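Working notes for the structure below.
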Amino acid sequence: MTMMFDVLLAKPVGKRINGSVTSRSDGEIHRGYLREFGLQLLLDAWRDKWVATGPLSAETEAEFTELWGLFFGRTVPVDSEGYVLDEGTGKAREPRVKPSEFYGRRVLGGGMSNGVRYVTLESEPEEFARRAADIVVSFEITGDEYWPDASFEIEVSDARYLAHITSAEYFETAFTGGLPYF
């Protein structure tokens, strides 16, 4: 069963943002992963173009894309023969290499989207958690500690991680703070 949560984020102030989360089902937030949950909420707000109304720098945009791939598993473009493409140029890497040779057992599967073939790599939860600890300085419960309904405050290491949130915003998420494991 997918757990859904309503999230309300206030307009950020400096490196801090306040918010609340309310369960729409019987789901609970993973208490052991608060920094990871904070980063998941910021990434979900970034992916939701109705919420993310502020521009991010190219550096932060690339970092968020990388973090999303660490959490869900990155997609890597391949050509019609199955060779890994350079993501910047769209041409085959030199020397030509198959995904299984380059990424080993991390390759989960593949597909096609908008005419582009790709393979999907497994997620990297340990790296996601490490990066979350660098970005989210703290995730504090500021209201009732009864989960899954709670108020919170996220503090980030740099205000650029909040630049995409320019006003109070509401959205729904299936994130729980848990990390994917395969």
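A few remarks follow.
- Near pairs, Cβ below 8 angstrom, 6+ apart or cross-chain, from the range 103-125 (touching a residue at least 40 places away in the same chain (Cβ under 8 Å) and under 17 Å from ASP86 (Cα atoms)) to any residue that is open to solvent by 30 Å² or more (accessible area, probe 1.4 Å) and of a type in the set (A, V, I, L, M, F, W, C): TYR118/MET112; VAL119/VAL107; VAL119/LEU108; THR120/VAL107; THR120/LEU108; LEU121/VAL107; LEU121/LEU108
- Given (1) surrounded by 14 or more Cβ atoms within 10 Å (Cβ to Cβ); (2) in the same structural domain as ILE17 (by the TED database); (3) not hydroxyl-bearing (Ser, Thr, Tyr), number of the condition VAL107 does not satisfy: (2)
- Scope the range 24-46; condition among the small types (Gly, Ala, Ser) and touching a Phe, Trp or Tyr at 6+ places or on another chain (Cβ under 6 Å); matching residues: GLY38
- Scanning the range 43-90 for residues that are closer than 23 Å to LEU9 by Cα, open to solvent by less than 30 Å² (accessible area, probe 1.4 Å), assigned to a loop (DSSP other than H, G, I, E, B) and small (Gly, Ala, Ser) yields ALA52, GLY54.
- The one condition from (1) among the polar types (S, T, N, Q); (2) surrounded by 16 or more Cβ atoms within 10 Å (Cβ to Cβ); (3) in contact with a Ser or Thr (Cβ under 7 Å, 6 or more places away or on another chain) that SER23 does not meet is (3).
- Within the range 166-181, the set of residues being open to solvent by less than 60 Å² (accessible area, probe 1.4 Å) and in contact with a Leu (Cβ under 6 Å, 6 or more places away or on another chain) comprises GLU169 only.
The values are calculated or read from the model by the stated rules, or taken from the named source; none is laboratory data. Model, not experiment: these values are computed from the prediction. Note that each Cβ is placed from the backbone with ideal geometry, even for glycine, and that neighbours are counted across all protein chains shown. The accessibility values were calculated without ligands, DNA or RNA, using every heavy atom of the protein model including side chains. Shrake-Rupley method; radii C 1.70, N 1.55, O 1.52, S 1.80 Å.
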